[in-house]
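Enquirer: Sharing a structure here in structure tokens format.
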Amino acid sequence: MKDVNFISEFHKDILHIYDSLFGMNFYFVKARTEKEFVSKIKPLIDIPLRENSENAVGSFRVINYDCFLWGYKPEDIAHECFHATHHVMKNAGIPLNNDTSEVYAYHLQFLMREIFRPKKGSKK
């Protein structure tokens, strides 16, 4: 059975993930630098470089209710996915505590699974 809670597809270097449960669009770009991220995302949206971003290893931003993430190493991507998850849960009125940590964990897992899912036609 097809999972109807998300749609995930690549458009060139941009991975679009739609989470219908929370009604959120996520856009992920695998990039080593802020400058590389901005150049890859430019066909979709004009995002300016952040000040003092030359040493950044990843970033999470919200623009017009859409979430934009970039990173290169898995640990940096996981870090940014946590920020994205926290943003979604906060907007849904779900605070992070012992009673809600499982919801956070499942959403973080969802984002990580979609980002690291092999592209169609690519070798594992």
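Bear in mind that the values in this text are calculations on the coordinates, not laboratory data. Just so it is clear, the structure is predicted and the values come from calculations on it, not from any experiment. Here the Cβ is made from the backbone with ideal geometry for all residues, glycine too, and neighbour counts use every protein chain on show.
Enquirer: Rank Y65, Y104, Y27 by mean-square fluctuation in a GNM of the chain with C-alpha springs under 10 angstrom and give only the top-ranked residue.
Expert: Maximum among the listed residues: Y65.
Enquirer: Now for a separate question. Starting from the Cα of K119, draw a straight line to each of the lysines and keep only those under 18 Å, dropping any in the same chain fewer than 8 residues away.
Expert: Within reach: K2, K12, K30, K40, K73.
Enquirer: Let me ask another. With an 8 Å cut-off on Cα pairs and a minimum separation of 6 or more residues, tell me the relative contact order of the stretch 6-116 in percent. Don't skip to the end; give the middle numbers.
Expert: On the way: 161 pairs, mean separation 22.6, N = 111.
Value for the stretch 6-116: 20 percent.
Enquirer: Let me ask another. Picking from V88, V103, V38, which is most flexible by a Gaussian network model of the chain using Cα springs under 10 Å?
Expert: Among V88, V103, V38, the largest mean-square fluctuation in the Gaussian network model of the chain belongs to V103.
Enquirer: State the extension gain, in nm to one decimal, for the chain segment bounded by K35 and L21, taking 0.36 nm per residue of separation less the distance between their alpha-carbons.
Expert: 1.8 nm
Enquirer: Quick one: among G58, G71, G23, which has the greatest mean-square fluctuation in a GNM of the chain with alpha-carbon springs under 10 angstrom?
Expert: G23
Enquirer: Among Y106, L96, C81, whose Cα lies farthest out toward the positive end of the dipole of the stretch 6-116, if unit charges sit on the beta carbon of Lys, Arg (+1) and Asp, Glu (-1)?
Expert: Going by the Cα projections, it comes out as C81.
Enquirer: Something else now. Per DSSP helix of 4 or more residues, -39500 (n - 2.57); summed, then divided by the residues of the chain. What does that give at 222 nm, rounded to the nearest 500?
Expert: Value at 222 nm, helices only, nearest 500: -11000 deg cm²/dmol.
Enquirer: Moving to a separate point now. Taking the Cα centre of the stretch 6-116 as origin, sum charge times position over the Cβ atoms of Lys and Arg (+1) and Asp and Glu (-1), and report the length of that vector in debye to the nearest 20.
Expert: Rounded to the nearest 20 debye, it is 240 debye.
Enquirer: Give me the number: length gained by fully extending E54 to S101, i.e. 0.36 nm times residue separation minus the C-alpha to C-alpha distance, one decimal in nm.
Expert: 13.6 nm
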